[in-house]
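To keep things clear, I will list the structure first and then write my remarks on it.
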Amino acid sequence: MSVLVYTESENGNFKKIAFETASYAKEVANMLGTTVTAIAINVENPSELSKYGVDKVLTVNNDKLTNFNAKAYADAIRQAATKESAKVVVINSSANDKYLAPVLAVDLNAGYASNVVALPVSTEPFKVKRTAFTNKAFNITAINADVKLIGLAKNSFGLKESDGAATAEAFEPSLKDEDFNISVKSVDKATGKVTIADAEIVVSGGRGLKGPENWGMIEDLAAVLGAATACSKPVSDMGWRPHEEHVGQTGKPVASNLYIAVGISGAIQHLAGINASKVKVVINNDPEAPFFKAADYGIVGDAFEVVPKLVEKLKEF
Ligand code: FAD
């Protein structure tokens with residue numbers, strides 16, 4: 001028996017979340033007294049997983065799997081889990097993995113827990129801690145099925161490096177034609193910028209910026225930090241920014257390490273989507289703005305003065 005981890009990648013490279021899920025899987029394997037096997041699909045350098053405690057990597061190289069396909073990926077992961085007699089399968093909680101998870105859970109006849117934020121509370125019975133109500137609460141969920149499928153929440157565990165060398169083994173899952181009834185043929189990214197989902201840092205602007213012509217300083221701040229840009233709902237509703245930047249309850253969720261909110265009041269619907277971010281910094285000229293209560297750091301001041309100064313200062317580093 002081993003723990004199996006699916007390590008997400010893009011264009012042949014592991015995503016950072018792949019290393020976090022691998023680190024997590026290693027600790028779970030330690031708790032169970034077993035080893036970790038990873039499945040890596042169309043990845044150029046699978047040995048990168050050695051650093052994160054993986055004992056063996058099943059490397060799948062198949063052109064049909066170039067673009068993400070939930071049914072085909074689930075089929076491949078299920079076959080890897082069967083081969084390794086895995087009773088615990090770890091994936092993450094990205095958009096792709098949330099799409100993958102129910103298909104995989106059915107294939108494995110597994111109990112699935114999403115948004116898991118910590119190591120299992122116990123292994124007999126198997127209980128995990130998850131976020132609920134957009135990170136306002138936690139719950140402990142028991143997975144009673146024989147096979148447990150865990151969806152790890154992004155940035156909840158961190159990277160744990162260790163010594164070791166993972167062995168690589170070519171793995172050729174047999175894929176069915178039905179897996180490809182619907183398949184993505186190509187992916188063209190609209191921009192080369194950092195996406196909100198992948199970003200470590202997000203710089204977000206609200207109605208306090210007065211108009212789209214003032215977004216240059218938000219983009220400057222994002223550029224100097226290597227961050228993604230985001231906005232509040234009214235800003236995208238008014239067409240100041242594209243809809244894909246809208247974050248919050250009705251927009252994209254943000255789970256970055258740093259979220260900088262500029263000229264955003266901190267309405268509950270906005271906070272609902274960004275609560276999972278680790279450190280929140282607020283820049284607002286109204287000391288009574290509700291966002292300050294939810295923030296780790298706050299600057300009371302005019303964004304038009306504070307942001308350019310911040311950019312200047314950060315450029316010195
Ligand atoms: P405002 O509330 O107008 O706040 C602007 C802020 O900028 C103020 O705090 C002000 O003090 C500050 N400011 C002004 N000038 C400056 C300056 N020069 N320098 C610094 N600060 C300045 N909202 C979302 O964002 N995401 C959602 O997903 C979402 N979903 C919703 C769903 C529902 C069902 C509903 C009813 C609402 C939803 N909303 C959502 C809207 C939400 O309630 C708020 O109206 C919205 O978040 C406010 O946006 P804002 O903070 O940009 O604007």
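Taking the residues in the range 137-168 that are modelled with pLDDT under 95 and of a type in the set (K, R) as candidates, determine which candidate is most open to solvent (accessible area, probe 1.4 Å).
K160
Go through the range 169-212 and give me each residue that's within 16 Å of the ligand (Cβ to nearest atom) and modelled with pLDDT of 80 or more. Before the answer, list the steps.
Kept after step one, since they are within 16 Å of the ligand (Cβ to nearest atom), are these residues of the range 169-212: 196-197, 202-212.
Correct list: I196, V202, V203, S204, G205, G206, R207, G208, L209, K210, G211, P212.
Would you mention how many residues in the range 205-242 are touching a His at 6+ places or on another chain (Cβ under 9 Å) and either among the aliphatic types (A, V, I, L, M) or not in a helix (DSSP H, G or I) (or both)?
Qualifying residue count for the region: 5.
Would you be able to tell me the number of residues in the range 243-274 that are assigned to a loop (DSSP other than H, G, I, E, B), open to solvent by 40 Å² or more (accessible area, probe 1.4 Å), farther than 24 Å from V306 by Cα and more than 6 Å from the ligand (Cβ to nearest atom)? Outline the logic, then answer.
As a first pass, look at the range 243-274 and keep what is assigned to a loop (DSSP other than H, G, I, E, B): 248-251, 253-257, 263-267.
Subsequent filtering for residues that are open to solvent by 40 Å² or more (accessible area, probe 1.4 Å) retains 249-250, 253, 257, 265, 267.
Add one more test, that the residue is farther than 24 Å from V306 by Cα, and what stays is 249-250, 253.
From what is left, the residues that are more than 6 Å from the ligand (Cβ to nearest atom) are 253.
The total comes to 1.
Can you tell me which residue is farthest from G251 (Cα to Cα) among those in the range 288-310 that are more than 9 Å from the ligand (Cβ to nearest atom) and not aliphatic (A, V, I, L, M)?
Result: K309.
Which pairs have Cβ atoms under 9 Å, sit 6 or more apart or on different chains, and link a residue in the range 207-225 that is more than 13 Å from E305 (Cα to Cα) to one that is open to solvent by 60 Å² or more (accessible area, probe 1.4 Å) and part of a helix (DSSP H, G or I)?
Final answer for the pair search is K210/F304; V224/K315.
Of all residues in the range 275-286, count the ones that are more than 9 Å from the ligand (Cβ to nearest atom) and either polar (S, T, N, Q) or assigned to a loop (DSSP other than H, G, I, E, B) (or both).
Selection size over the range 275-286: 4.
For G216, are the conditions met, namely being of a type outside the set (F, W, Y) and within 16 Å of the ligand (Cβ to nearest atom)? Spell out the reasoning first.
Working: of a type outside the set (F, W, Y): yes; within 16 Å of the ligand (Cβ to nearest atom): yes.
Here the answer is yes, as G216 does meet what is asked.
Out of the range 52-71, which residues are in a helix (DSSP H, G or I) and crowded, with 18+ Cβ neighbours inside 10 Å? Full working, then the answer.
Our first condition is that a residue be in a helix (DSSP H, G or I); within the range 52-71, this holds for 52, 63-65, 70-71.
Y52, L65, A70, K71, listed by residue number.
So, in the range 120-136, exactly how many residues are open to solvent by less than 30 Å² (accessible area, probe 1.4 Å) and either within 22 Å of A272 (Cα to Cα) or among the charged types (D, E, K, R) (or both)?
Matching residues across the range 120-136 total 2.
If you check L49, L100, which single one turns out to be open to solvent by less than 20 Å² (accessible area, probe 1.4 Å), aliphatic (A, V, I, L, M), part of a helix (DSSP H, G or I) and within 20 Å of S2 (Cα to Cα)?
Values: L100 fails: within 20 Å of S2 (Cα to Cα).
Only one candidate qualifies: L49.
Determine the pairs where a residue that is within 16 Å of S204 (Cα to Cα) and free of Cβ contacts under 8 Å to residues at least 60 places away in the same chain, located within the range 281-296, has a partner that is part of a strand (DSSP E or B) and among the polar types (S, T, N, Q) with Cβ atoms under 8 Å apart, the partner being 6 or more residues away or on another chain.
F291/N284; F292/N284
Being at pLDDT below 95, part of a helix (DSSP H, G or I) and not acidic (D, E) is the filter; apply it to the range 72-97 and report the residue that is nearest to R130 (Cα to Cα).
This residue is A95.
Report every pair of residues separated by at least 6 positions or lying on different chains whose Cβ atoms are under 7 Å apart, first residue within the range 255-280 and touching a residue at least 60 places away in the same chain (Cβ under 8 Å) and more than 25 Å from V224 (Cβ to Cβ), second within 14 Å of the ligand (Cβ to nearest atom) and assigned to a loop (DSSP other than H, G, I, E, B).
If the second residue must be within 14 Å of the ligand (Cβ to nearest atom) and assigned to a loop (DSSP other than H, G, I, E, B), the pairs left are A272/T134; A272/G248; A272/Q249; N275/T134.
The values are calculated or read from the model by the stated rules, or taken from the named source; none is laboratory data. All values reported here derive from a predicted model rather than from experimental measurement. Glycine gets a Cβ as well: all are built from the backbone with ideal geometry, and neighbour counts include every protein chain shown. The area values use the complete protein model at the heavy-atom level, side chains included, leaving out ligands, DNA and RNA. Shrake-Rupley method; radii C 1.70, N 1.55, O 1.52, S 1.80 Å.
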